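S.K.: Before I ask anything, here is the structure I am working with.
Read the figures in this text as sums done on the coordinates, not as results from a lab. Worth saying up front: this structure is predicted, and the values here are computed from it rather than measured. Cβ sites come from the backbone with ideal geometry, for glycine too, and all protein chains shown count toward neighbours.
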Amino acid sequence: MIEKINSKKFYAVGIMSGTSMDGIDASLILTDGYEFCEVIQNVYSEYTDSTRADLIKIQENFQSNVESNEDIDFLSRSLGIFNIEAIKPIFDFAEKNGIEIDVIGYHGQTVYHSPAYKVSIQIGDPQSLANFFHTRVVFEFRSLDILNGGQGAPLTPIYHKAKFNKQLEHPYAILNIGGISNLTYINHEEIIAFDIGPGNAIIDDLVRFLFKKQIDEEGEIASSGVINFQLVEEFMEDDYFKVSPPKSLDRNYFNKYTELLSGDPADKIATASFFTVRAIIRSLEYFSETPKNIVICGGGSKNNFLIKQIAKYAKSNILLAEDLNFNSNFIEAEAFGFLAVRRLLNEPISYPNTTGVKEPLCGGKVYDPSKSI
């Protein structure tokens, strides 16, 4: 995958809210959309408890086929307002420093993802952002990929290549542990990517239910529990693990296994956490050449239990994004700023070996302050 070099650089804001549904990550970057990317500012805005509850309800309704268009429209408008407030500090910073922002890459909040049914739904209000900031907004990054036979995910691999290619010896892998886990494997011009399996989602859901906390801080609960290794191996018999990449998942796909967990509450967290680890280790068996380094990013990079267990079983050197002076929390937000610039350049964001699309494909719908194209 050899790309041309673009001398023009764009200021882009990327906005990401992942499947963990904890809040909004936003990044201001300067990029050419190919190889160059400089991170200028990052901001985070946490969802309120009521917003998170509304999102969880919408997700559950989609799973049960009882979604309401009125509820979706209302929440989309609410998220639009929330996103405007979240990125105001970036635009204030830009104005004070004489920076003119060219584009906003707005992922939206995923509430349902099913490539089998050719649907991936992200809610938000891109037109309100375009109107408020008088700036082009790129939204709906996944829909064109799915319509052309792709999985619609993951979309970050081309950014991983731009960000890490000069930092690491080949082959290497970028492991993102969000609500689900996904992996990008890069060996010179070869890029392979797919959703691995569970990430933080089942852990977080169990911690909220059993301990009334938002997350297992630093993996302390899991570290205090006893892993049921046999049960994890039973979970690994799921049909998803028998499917060859590229492939992708909905956040709630593995929720069916939480009811099968046994033992005291800490044991359940330990076993669910090791399920995530086991799926990650299994995914590395797909490659003929083992990655020399695996860089871990996403919320799971803060979970010491996960990191220690991955390091124990993986045959690669394990790094955190911070070891390379990157902020693991914002890599996906940066990526959607980068992908928005690629949309303006009409360059591909998905590929046969990353999403399963038939041929390299550009993606994203552009909204300007008065109309969409």
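S.K.: Pull out a ≥ b ≥ c, the square roots of the eigenvalues of the alpha-carbon gyration tensor of region 157-328, then state rounded if a/c is under 1.5, prolate if not and a/b is larger than b/c, and oblate in the remaining case. Present the calculation step by step, with values, prior to reporting the outcome.
M.R.: Working: a/c = 2.01, a/b = 1.55, b/c = 1.29.
Prolate, because a/c is 1.5 or more and a/b exceeds b/c.
S.K.: Can you compute the helix-only [θ] at 222 nm over the chain? Use -39500 (n - 2.57) per DSSP H run of at least 4 residues, normalise by all residues, nearest 500 deg cm²/dmol.
M.R.: Numbers: 11 runs with 130 residues, N = 373.
Mean residue ellipticity at 222 nm (helix-derived): -11000 deg cm²/dmol.
S.K.: By how many nm would the segment from Thr290 to Leu345 lengthen if fully extended, with 0.36 nm per residue of separation less the alpha-carbon distance?
M.R.: Result for the pair: 16.4 nm of gain on full extension.
S.K.: A further question on this structure: Counting other C-beta atoms within 10 Å, and keeping those with at most 16, which DSSP coil GluC sites (Glu not before Pro) do you find in region 73-143?
M.R.: Answer in residue order: Glu100.
S.K.: Among the aspartates and glutamates, select those whose C-alpha is under 16 Å from the C-alpha of Lys163, and discard any that sit fewer than 8 residues away in the same chain.
M.R.: Glu3, Asp32, Glu35, Glu38, Glu189, Glu190, Glu322, Asp323, Glu332, Glu334
S.K.: Pairs of Cα atoms under 8 Å, at least six residues apart: use those to get the relative contact order of region 157-328, whole percent.
M.R.: Numbers: 285 pairs, mean separation 48.6, N = 172.
The value is 28 percent.
S.K.: About the Cα centre, and with charges only on the beta carbon of Lys, Arg (+1) and Asp, Glu (-1), how big is the dipole of region 157-328? Nearest 20 debye, please.
M.R.: Dipole of region 157-328, to the nearest 20 debye: 320 debye.
S.K.: On a 0 to 90 degree scale, rounded to 10, what angle separates helix 265-283 from the longest Cα axis of the chain?
M.R.: That works out to roughly 70 degrees.
S.K.: Could you tell me the distance between the Cα centroids of region 219-258 and region 331-373, to the nearest Å?
M.R.: Between the Cα centres of region 219-258 and region 331-373 lies a distance of 31 Å.
S.K.: Just need the relative contact order of region 92-154 here, percent rounded to a whole number, with Cα pairs under 8 Å and 6+ apart. Walk me through the numbers before you get to the answer.
M.R.: Details: 75 pairs, mean separation 19.9, N = 63.
Reported as a whole number, the value is 32 percent.
S.K.: Still on this structure: Hey, got the dipole for the chain? About the Cα centre, +1 on K and R Cβ, -1 on D and E Cβ, debye to the nearest 20? Write down the numbers at each step before the final one.
M.R.: Working: 34 positive and 50 negative charges, 125 e Å.
The calculation lands at about 600 debye.
S.K.: Highest mean first, what order results for 46-59, 244-257 on Cβ atoms within 10 Å? It would help to have the intermediate numbers written out before the result.
M.R.: Values: 46-59: 15.2, 244-257: 19.9.
So the peptides 46-59, 244-257, ranked by packing, come out 244-257, 46-59.
S.K.: Of the listed peptides 237-243, 296-302, what is their order by residue-averaged count of other C-beta atoms within 10 Å, with the highest listed first? Intermediate results must be reported in sequence, preceding the final value.
M.R.: Numbers: 237-243: 11.3, 296-302: 23.7.
Going by the mean number of other Cβ atoms within 10 Å, highest first, we get 296-302, 237-243.
S.K.: Distance between Cα centroids, region 264-284 to region 87-137: provide it in whole Å.
M.R.: Spelled out, the Cα-based centre of one part sits 34 Å from the other.
S.K.: If the cut-off is a Cα-Cα distance under 21 Å, which lysines reach Lys88, setting aside same-chain residues fewer than 8 apart in sequence?
M.R.: Cross-link targets: Lys96.
S.K.: Between Ile72 and Glu218, what is the spin-label point distance in nm, taking each point 7 Å from the Cα along the Cα→C-beta axis?
M.R.: Spacing of the two 7 Å Cα→Cβ label points: 4.2 nm.
S.K.: Reachable lysines from Lys312, Cα under 18 Å, same-chain residues fewer than 8 places away excluded?
M.R.: Lys292, Lys302
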